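*Asks:* Dumping the structure here so I can ask a few things about it.
The values are calculated or read from the model by the stated rules, or taken from the named source; none is laboratory data. Every value quoted in this text rests on a predicted model; they were computed, and no experiment measured them. All Cβ positions, even for glycine, are placed from backbone atoms using ideal geometry, and neighbour counts span all protein chains on display.
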């Protein structure tokens, strides 16, 4: 199979998602030691046109609807987070996952740093995550009570006491620590959200929230409905 390297490595083209989101095809995929075909497959996760042209047979992922190729750069550009700072084990993939939970349920395995979106038939879509640091761990079952695109962030008072330099409020955008999307859990302060620190995936670093790469949280956001069950283990 011949792959056009310019589609994978130049970083010159962008893939719009929804509401002005997009992901950039980036040569940084090569830094993980991935071949051109593998890098192209990762790009295809967020580019159905690209995927249909080159990986139609056997391709496993259905990216969010409405993604098209463009040479324009809309607002809120996101680098494709096939990032050398993220261990490849945390890349999104379908895995065997026998469970009694119904399809559409989210199961968060904090110990393993994985989030599972249950597909049914003994399978789940698995994402890498960052979780709470020591002293901030929690577990329980909640429902998705709110969904937000490019959420604003209001640090809790206790967090501002620990980190006096934090703003009282930060509007949504590429520099916001909550990233591109947020799923709010019940009436708690916890969220499943994106991040500006992709290196934190696979780490225990947060104050209790579940972190995902922006690419992954956009994908999950498109699959999840309000009132979705979320089980945190």
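*Asks:* Can you tell me which residue among 175, 202, 179 is assigned by TED's automatic domain parsing to the domain that holds residue 134, part of a loop (DSSP other than H, G, I, E, B) and farther than 22 Å from residue 116 by Cβ? Talk me through it step by step, then tell me what you get.
*Replies:* Working: 202 fails: farther than 22 Å from residue 116 by Cβ; 179 fails: farther than 22 Å from residue 116 by Cβ.
After applying the criteria, what remains is 175.
*Asks:* Name the residues in the stretch 205-233 that are surrounded by fewer than 21 Cβ atoms within 10 Å (Cβ to Cβ) and either assigned to a loop (DSSP other than H, G, I, E, B) or at pLDDT below 95 (or both), would you?
*Replies:* 205, 207, 208, 224, 225, 226, 227, 228, 233
*Asks:* Residue check: is residue 135 modelled with pLDDT under 95 and either under 18 Å from residue 228 (Cβ atoms) or not assigned by TED's automatic domain parsing to the domain that holds residue 217 (or both)? Break it down stepwise before answering.
*Replies:* Values: modelled with pLDDT under 95: yes; either under 18 Å from residue 228 (Cβ atoms) or not assigned by TED's automatic domain parsing to the domain that holds residue 217 (or both): no.
No.
*Asks:* Restricting attention to the stretch 90-112, report how many residues are in contact (Cβ under 8 Å) with a residue 12 or more places away in the chain, exposed (fewer than 13 other Cβ atoms within 10 Å of the Cβ) and not in a strand (DSSP E or B).
*Replies:* Matching residues across the stretch 90-112 total 4.
*Asks:* Do you know which residues across the stretch 137-172 are without any contact (Cβ under 8 Å) to a residue 12 or more places away in the chain and either assigned to a loop (DSSP other than H, G, I, E, B) or surrounded by 14 or more Cβ atoms within 10 Å (Cβ to Cβ) (or both)?
*Replies:* To start, the set of residues in the stretch 137-172 that are without any contact (Cβ under 8 Å) to a residue 12 or more places away in the chain comprises 157-158, 160-166.
The answer is 160, 163, 164, 165, 166.
*Asks:* With 125, 115, 119 as the choices, which residue is part of a strand (DSSP E or B), assigned by TED's automatic domain parsing to the domain that holds residue 198 and surrounded by fewer than 18 Cβ atoms within 10 Å (Cβ to Cβ)? Outline the logic, then answer.
*Replies:* Values: 125 fails: surrounded by fewer than 18 Cβ atoms within 10 Å (Cβ to Cβ); 115 fails: surrounded by fewer than 18 Cβ atoms within 10 Å (Cβ to Cβ).
None of the others qualify; the one that does is 119.
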